[in-house]
1. Would any residue of segment 230-256 have its amide N under 20 Å from a label point 7 Å out along Cα→Cβ of SER276? List them or say none.
2. Quick one: putting +1 on the C-beta of Lys and Arg, -1 on the C-beta of Asp and Glu, what dipole do you get for the chain around its Cα centre, in Debye to the nearest 20?
3. Please give, to one decimal in nm, the separation of the simple spin-label points placed at ARG137 and HIS355, each 7 Å out from Cα toward the Cβ.
4. Alpha carbon centre of segment 224-284 versus segment 293-333: separation in Å?
5. How high is the FRET efficiency between THR222 and LYS387 when r is their beta carbon distance and R₀ equals 60 Å, given to the nearest 0.05?
6. What nm distance separates the two modelled labels at TYR411 and LYS467, each placed 7 Å from Cα along Cα→Cβ?
7. Mind pulling the angle between the C-alpha long axis of helix 417-427 and the longest principal axis of the chain? Nearest 10 degrees, somewhere in 0 to 90.
8. Relative contact order of segment 373-477, please, whole-number percent, based on alpha carbon pairs below 8 angstrom and at least 6 residues apart.
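Since every read-out is calculated from the coordinates, none of them should be taken as a lab result. Just so it is clear, the structure is predicted and the values come from calculations on it, not from any experiment. Heads up, the Cβs are rebuilt from the backbone with ideal geometry, glycines too, and the neighbour counts pull from every protein chain shown.
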Amino acid sequence: MEKIVALCKRRGFIFQSSEIYGGLNGFWDYGPLGCELKRNIKDAWWRDVVQRRDDVVGLEATIIMHPSIWKASGHVDSFTDPMVDCKTCKKRFRADQLCEELGLKLESVETPTGKQFKLPAGAKCTACGSDQLTEPRSFNLMFKTFIGPVEDVSNVAYLRPETAQAIFAQFQNVLSCARQKVPFGIAQIGKAFRNEINPRNFTFRSREFEQMELEFFIKPGTDAQWHEYWVKERMKWYESIGLPASKLKPYVYKKEELAHYASACVDVYFDFPFGSQELEGIAARGNFDLSQHQKHSGKSMEYFDDETKEKYLPHVVEPSAGVDRIALALLCNAYYEEWAPTSESAGSAPIPAEHGKQPPAGFESRVVMRFAPRIAPVKVAVFPLLKNKPALVEKAKEVFHLLRSQFVSFYDEAGNIGRRYRRQDEAGTPFCVTIDFDTLGEKGPEMKDTVTLRDRDTLKQERVSIKELPARIAEAVK
Ligand code: ATP
């Protein structure tokens, strides 16, 4: 992870928020490459979940909503994590995570006012080893603010801890305009905020993050089929953005782990360097949310089925994913250390680096980010072979402008070609195009207007005509 964090900073994927003031724990900024990566994740999700389907429409709601929404959803009363403090070293933990690290299980008992937690025997501080821990206390994760100038309880509002609730609150408005019939879905991408007790593992657990959520409304009784359908769809989607099936695992909730209203839940886990952890949760939530909003708002949330002439509260299947966790999974998955031939035109392939050893003669170390071309921040880099030859520079800029109209492209003329390749390897750019004297026709007319197209992973170089370039790249990144 340290190497990945360092690369993220060096190459402009991810920076600590407010770094010049010492940073802010749990908050992260995305640099030039990181924001392209995130945008590609969101675009891929939006295309596949919304635009390429007939049965899903989009929504973009506000971050601050009527506080009654969070009362109805249960977040005001029970969106809490159990917190413990070490009385010796003053470190603060999430009690369930602390127990998990110690191989213990946090005990809980249902009481009329909600769950109460108890530390099991053997619990101790994982930082200093002391057994002087406070009893777990519930801590509400929602960030509070005030609407208007008066900081009064009647003006309290919350930053949304998830994007999903707005979808339920706007269910009738969307239904009345979207010409959709159950089964259909409403999707939203946006920021969510949770005042996490212990943000950690780089961006994995942040206090401000982005979610991509779908509420897929279904006829009661069809929950199991639709849940299974969406688990399959979502697993396939992760593979389509380049995460290998071998590192993805569905975690199927046992009956006793489900929320009282849920009939099924599967989390998609990814093998991070810090362990296998959740990217997305796919839950069959029954009609819990719509019925809560119906009760609290006094407005009907029912759906009228034209065919059966019945009225009912739709059930829902909810795939809920985190953009930042997916970005982190892609970064971890893409990172490779290799030995690459010093002169790439020699045609040798890269070999995996051996830990603690020097590369053999004729090879040098490289770090390469093997993003799937579809998700790579920059698709193609264009280089003139030499920057002090105006004819090469002019031609390279012409090719750059041609490609830039279709793909995120990067122009670079600084340093020798090898250095420029290495920079693009670390950025994860799948293609590099070099304009040389052959392109100008200096070796004869048959080479004129051809360039070398270099593949990031195999280092193979091919001679391709400028005319064919856009189609070649488009095919790889679609
Ligand atoms: P956890 O158990 O890890 O706290 P959760 O199960 O409460 O997460 P959900 O409420 O199911 O998470 O949220 C759906 C998705 O939102 C998660 O799968 C994750 O991708 C993302 N997410 C939730 N909390 C965070 C966070 N603090 N930082 C980054 N992403 C998050």
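1. Within reach of a label on SER276: 231-240, 242-256.
2. Values: 67 positive and 66 negative charges, 149 e Å.
Charge dipole of the chain: 720 debye, to the nearest 20.
3. 4.3
4. 16
5. So the FRET efficiency works out to roughly 0.45.
6. The answer from the label model is 2.4 nm.
7. 10
8. Values: 183 pairs, mean separation 30.3, N = 105.
Over segment 373-477, the number comes to 29 percent.
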